[in-house]
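Let me begin by presenting the structure, written as structure tokens, before commenting on it.
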Amino acid sequence: MAKKVLTVCPYCGAGCRLYLLVEDGKVVGAEGAPGRTNEGTLCLKGRYGWDYLNDTQRLTKRLTQPLLRDKSGELAGVSWDEAIGFVADRLTAIKKKHGPDAILCTGSARGPGNEANYVMQKFTRAVIGTNNIDHCARV
Amino acid sequence: MNNFLIANPDRCIGCHTCEIACVLAHAAEDALVSGAIDQHFTPRLRVIKTATVSAPVQCRQCEDAPCANVCPTKAIVNKDNTIQVVPEACIGCKSCLMACPFGVMDIVPQLLGNYTLKQTALKIQDDEGGRSKDKFVALKCDLCIGRKEGPACAGVCPTEAFTPVLGKTMSASVANKRKARVAELSGLSLNQ
Amino acid sequence: MSNGVPEIEDAKCLFIFGYNAADSHPIVARRIIKAKEKGAKIIVTDPRRTEAARIADLWLPIKNGTNMALVNAFANVLITEDLFDKDYVAKYTEGFDAYKEIVLRYTPEHAEAITGVPAADIRKAMRIYAGSPTSFILWGMGVTQYGQAVDVVKGLSGLALMTGNFGKPSVGCGPVRGQNNVQGTCDVGCLPNVYPGYQSVTDDKVREKFEKAWGVPLSPKAGVTMTMVPHLAQEGKIKAFYVFGEDPVQSDPDAGHMRHTLDHLDLVVVQDIFFNKTSMHAHVVLPATAWGEHEGVYSTCDRGFQHFNKAVEPKGDVKPDWEIISLVATRMGYPMHYDNTEEIWNEMIALCPKYAGATYEMLDKYGSIQWPCPTVGHPGTPYLFSGNKFNTPSTKGNLFAAEWRPPKELPDEEYPLVLSTVREVSHYSVRTMTGNCAGLQSVADEPGYIQMSVADAEAMDLEENELVWISSRRGKVMARIMPSERINKGTVYMTYHWWVGSCNELTIDNLDPVSKTPEYKFCAAKVEKVADQAWAEQYVKDEYARLRARMGCQTAAPAAAAEAAANAN
């Protein structure tokens, strides 16, 4: 029997609520949930837009480990510690050399959610020290 | 009379959700997870858009079904108030395709689960050599016969554009319309 | 949106401008259908005969790139035919005299010459709009993705002010936000001029509050927008770009220039769930969890906070976005640690009076809370501007008009067509999510499509599904022709999800001076027939395989492409 997990559609701004049907730790379907905007209905993206979670590689592949460009110019897998260290060191150096306003960070208007975006703008403002924070609202 | 589905073009927004639902209703249960939907993607209804109309076009389950009447192998039958293809009897002759005035018959490779059935005798012979030919059969809307929730297309439509019409209730509805019109006649003053 | 999505169906007049809900928000389109069935009058302004235009009482087929002229003419009719609400204008608005002076120059006849919309229909539209007890304006990217966008937004809002259509149910303005959380990303301050809760970074009091909460001094200077990156990088002002959950090479205008920009930056960080086109230019790529693998809160297009749950465990060595950013912050000497999203949420709502009552517990109780929600237990605010008080110093609504400006790059002999970018109903944004979904891929797939009027297609001897070259001064791509009776002559439309038929190789980087939104809806282009279609089909296959291979996908693409082409209509 599939477990039903209440969530919100990750596609357009209509904000339809839906249930993901989960079996053995895998999503197997979606159905409309009673929501303020959708009242149980879903369009094709809400209803059939979940199987990317299985890394189908129909278009491109899921990222599964941090990647860093090596000496040959190729992106190669590294540890989190190395990747985070690289980002932190480079940002610190650029900030020191060119000032905080030489750095621009983006939020993400898609799947991450409001909390991740709050953290990103806080990082940009409090840690980098600039208001150069934006997202794809314009595209 | 036969049952059928009718879609209201004033409600259709041309979103194709019904087409995916149709394919999945006729595929293995895990067709999205397994990716088998790729081989199955032949919806039995198609959303058509002209300048002024958007609507899915699908089989009307005709009473005097031309597809069945022209079929030389009697592979199309009237079953449970619907018109059904019997794939085992179909020879892929395309007579039904020619006869159908709605353009809702297709001829497609027959699938068994996720596999395409091959013919036992007929081979393709061309530059690439000889190989077994797929078995082709007629494909049409079966009104999701045997599906307890009813036709899948109607169930997923976000604007509820489909109305199921049941043969038996249709007779009653026609009778009611007659009654209603007669009642109006009684209000007429013939001296005016 | 000033008013909520559910209110759409009870409006007596829907005034839809440059917004194709059927393709961008099917579940909002559902409310438009319901409104029609409940007797609403529907007016649609769009160069294409969209699904809404098809069922409209009045369709105004406007010439691409002439929005401002039409909106000014609408205001002209409201004044010259005495259709506006004088009492409302006197009490709740300001700027009428300057507004009147400009719009009086835009008579319906003058506007007809610019927009192609018959003067009689311009008048008729305003008689319906002003005559209805509740009129709700809905607009989309057909308004905002022009070099003159903010002016038109203000102009449309002015029509609502002139007719008193604010501050009650089923009226107001609905700029229907495209992406699932574009409203939320603005709500929490991912904008260069405001902190979370739309609190200005230049307001000393506000800044002091955030400085105290975050324990560091903050910059008093507003930042720059993302669409300015190519320009600022060229000037040497931007050196590092931390791209989080976006794919600017696919989504931003003039992809060639964007690639050049990225390749010349000192640092490009990409944080995403999929390998995308931008990753190819990254120095470092940070893998995050996806929708379905984490929880949080999204905001609907009508300001509704809704909590979403985690359904499955992520695979691979990935982390939630907030955790990745916290780790970088900590490594840079600013310790940042959260145990869960609720802790982050609580920190934010404590700093934002508008959101204060929207705790996880209350979100769970109400399902959806539309801000403002100032106290715990407050059910939220379905519509804004109650009592007709607006977010201006005087609390009055500003009436605003501007002279019409034509788009930057007009068609000419070499590039005789107008190219506008639009949406595909079965795909979303840069397509990394929907393009990896089997059912959605079956409806539409590479190389993508170009919609063209039947007359233009016939004149060029092009048949449905034929592959053609489309080019502009910035690039050249291949896509399939979709002739349609719903498309206006002289303009072609491409959907922006495709890798091979990538329309942003062609689009122009002309920004609105205020919003900095690019002019995706207008550039000059040409279409060329490809004589050898077998060669073209092979080119598409090879090009797609090459792009996928560069992103590490060596497997063959599913064979849905040909079928999708046959299915599309």
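Read-outs throughout are calculated quantities, based only on the coordinates presented, and are distinct from any laboratory measurement. Note that the structure is a prediction, hence the values are computed from the model and not measured. FYI the Cβ positions are ideal-geometry reconstructions off the backbone, even for glycines, and counts take in every protein chain you see.
Annotations
- Nearest-0.05 FRET efficiency for residue C:38 and residue B:160, computed from C-beta distance (R0 25 Å): 0.95
- Extent of segment C:1-101 along its three principal axes (Cα atoms, max minus min coordinate, largest first): 40, 30, 22 Å.
- Taking N as the residue count of chain A, its C-alpha radius of gyration divided by 2.2 N^0.38 Å amounts to 1.36.
- Per residue, the convex hull around the alpha carbon atoms of segment C:208-360 comes to 156 Å³.
- Summarising the amide proton neighbourhood of residue A:33: residues at separation of 5 or more, or on other chains, whose placed amide H is nearer than 5 Å comprise A:17, A:18, A:19, A:40.
- Shape category assigned to segment C:333-484 from the gyration tensor of Cα positions, a/c cut at 1.5: prolate
- Each of C:124, C:476 was scored by other Cβ atoms within 10 Å of its Cβ. Arranged with the fewest first, they read C:476, C:124.
- 5 Å-binned pair-distance histogram of segment C:205-291 (Cα, whole percent): 3, 13, 21, 18, 13, 13, 11, 6, 1
- Per-residue Cβ neighbour rank within 10 angstrom, fewest leading, C:332, A:120: C:332, A:120
- FRET efficiency for residue C:455 and residue C:476, using Cβ-Cβ distance with R0 set to 25 Å, rounded to 0.05: 0.55
- Ratio of the Cα radius of gyration of segment C:97-238 to 2.2 N^0.38 Å, where N counts its residues: 1.40
- The mean sequence distance of close C-alpha pairs (under 8 Å, at least 6 residues apart), as a share of the length of chain C, puts its relative contact order at 16 percent.
- Nearest 10 degrees, 0 to 90: helix A:80-98 Cα axis against chain A principal axis: 50
- Antiparallel %, DSSP beta bridges [both residues in the protein assembly as shown], to 5: 60
- Value of Rg to Rh for chain B, rounded to two decimals, is 1.09; Kirkwood radius and Rg both from alpha-carbon coordinates.
- When Rg and the Kirkwood radius Rh are both evaluated on Cα atoms of segment A:67-138, their ratio Rg/Rh stands at 1.02.
- Distance (nanometres) between label positions extended 7 Å along Cα→Cβ at residue C:398 and residue C:127: 3.4
- In degrees, nearest ten, helix B:167-186 long axis to first principal axis of chain B (Cα): 20
- The GNM of chain B, with springs linking C-alpha atoms under 10 angstrom apart, assigns the highest mean-square fluctuation among B:141, B:71, B:15 to B:15.
- Cα gyration tensor category, rounded, prolate or oblate, for segment C:417-567 with a/c compared to 1.5: oblate
- For segment A:3-54, pairs of C-alpha atoms spaced more than 15 angstrom apart make up 37 percent of the total.
- Among beta bridges that DSSP assigns inside chain C, antiparallel share in %, nearest 5: 40
- Cross-linked pairs A:97/C:277; C:100/C:389; C:168/C:365; B:148/B:168; C:239/C:315; A:4/C:34: Cα-Cα separations exceed 27 Å for A:97/C:277; C:239/C:315; A:4/C:34.
- For segment C:191-245: span of alpha carbons on each principal axis (Å, largest first): 35, 24, 20
- Considering every alpha-carbon pair of segment C:256-318, the percent of pairs per 10 Å bin, from zero through the bin containing the longest distance, is 19, 32, 27, 21, 0.
- Pairwise FRET efficiency - residue B:176 versus residue C:414, Cβ, R0 = 56 Å, nearest 0.05: 0.30
- Point-to-point label distance, residue C:463-residue C:528, nm (Cα→Cβ direction, 7 Å offset): 2.3
- For segment C:304-310, Karplus couplings with θ = phi - 60° (6.51, -1.76, 1.60), whole Hz, Gly/Pro x: x, 6, 9, 7, 10, 9, 7
- Normalising the Debye intensity of segment C:5-176 to I(0), with uniform scatterers on Cα atoms only, and taking log10 at q = 0.11, 0.12, 0.17 Å⁻¹ returns -0.39, -0.47, -0.99.
- Taking other Cβ atoms within 10 Å as a rough exposure proxy, C:25, C:283, C:294 sort from fewest to most as C:283, C:294, C:25.
- Geometric extent, Cα atoms of segment A:86-126 - Rg, Dmax (angstrom): 11.7, 34
- For the protein assembly as shown, the equivalent ellipsoid derived from the alpha-carbon gyration tensor has semi-axes of 44, 36, 28 Å in decreasing order.
- A simple spin-label model places the labels of residue C:330 and residue C:198 3.6 nm from each other, with each point 7 Å out along Cα-to-Cβ.
- With a cut-off of 13 Å on the backbone N, the residues of segment B:22-61 near the modelled label site 7 Å out from residue B:145 along Cα-Cβ are B:61.
- Ellipticity at 222 nm from helices only: DSSP H runs of n ≥ 4 in chain C, each -39500 (n - 2.57), divided by the residue count, give -9500 deg cm²/dmol.
- Share of pairwise Cα separations in chain C, more than 46 Å, in percent: 15
- Reciprocal mean inverse distance between Cα atoms of segment C:322-371 - Kirkwood radius, Å: 12.2
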